[in-house]
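The values are calculated or read from the model by the stated rules, or taken from the named source; none is laboratory data. Given the structure is predicted, the values throughout are model-derived calculations rather than measurements. All Cβ positions, glycine included, derive from the backbone under ideal geometry; neighbour counts span all protein chains shown.
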Ligand SMILES: [Zn+2]
Ligand SMILES: [Zn+2]
């Protein structure tokens, strides 16, 4: 079983509920065919969350590169020292969202690096799922030089396309073979 943590930064209770439901739905979907992958999303406990929030809103996060935030979270938030993957859902104007956008022009809705996923497009389940899969070593299926172009895997509707949405995923299969392979990959 591979575990990732999640936390909502400065969001209201209905948003917390929605993120929790979407991650539960993702867990069930991944445990079923075709993926058959055992993953779990665990809400960061209150004491750890308090420390994580202080890091995420600190001047270091605001002014240093994204990896400085990752290093601080690992040092200060005990559960993350042992198992780093974590998703932070936050508003687009929050400090971690701004730091993430500084890292890449492609990070319009979310960004993941070194086991920390920051998500700031909060009304699209597919983008939340996409960023969540990065936590388990799944790579993007788009060409960085042509993000809106065709996917680089066998599925035109792959979840790991640049900007998945109801319109681009539809009822088609959306977990490609390389995504499934990564999900079944390393155990912890
Ligand atoms: Zn991605
Ligand atoms: Zn793919």
| Residue count, the range 50-78 (criterion: more than 14 Å from residue 94 (Cβ to Cβ) and touching a helix residue (DSSP H, G or I) at 6+ places or on another chain (Cβ under 6 Å)) | 8
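Does the range 163-172 include one or more residues that are under 14 Å from residue 36 (Cα atoms), within 11 Å of ligand 2 (Cβ to nearest atom) and in a loop (DSSP other than H, G, I, E, B)?
Checking the range 163-172: not a single residue is under 14 Å from residue 36 (Cα atoms), within 11 Å of ligand 2 (Cβ to nearest atom) and in a loop (DSSP other than H, G, I, E, B).
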| task | Tell me, please, whether a residue that is surrounded by fewer than 18 Cβ atoms within 10 Å (Cβ to Cβ) and within 11 Å of ligand 2 (Cβ to nearest atom) can be found in the range 105-116. | result | no
| query | Out of all the residues in the range 173-182, which are within 9 Å of ligand 2 (Cβ to nearest atom) and surrounded by fewer than 17 Cβ atoms within 10 Å (Cβ to Cβ)? | reply | 177
| Filter result for residue 98 (within 15 Å of residue 4 (Cβ to Cβ) and either more than 16 Å from ligand 2 (Cβ to nearest atom) or buried (at least 21 other Cβ atoms within 10 Å of the Cβ) (or both)) | no
| query | Within the range 142-150, is even one residue closer than 22 Å to residue 90 by Cα, within 14 Å of ligand 2 (Cβ to nearest atom) and modelled with pLDDT of 95 or more? | reply | no
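What do you reckon, is residue 140 part of a loop (DSSP other than H, G, I, E, B) and either in contact (Cβ under 8 Å) with a residue 40 or more places away in the chain or near ligand 1 (Cβ under 9 Å from one of its atoms) (or both)?
yes
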| request: Scan the range 144-166 for residues that are closer than 23 Å to residue 185 by Cα and without any contact (Cβ under 8 Å) to a residue 12 or more places away in the chain and jot them down. | output: 152
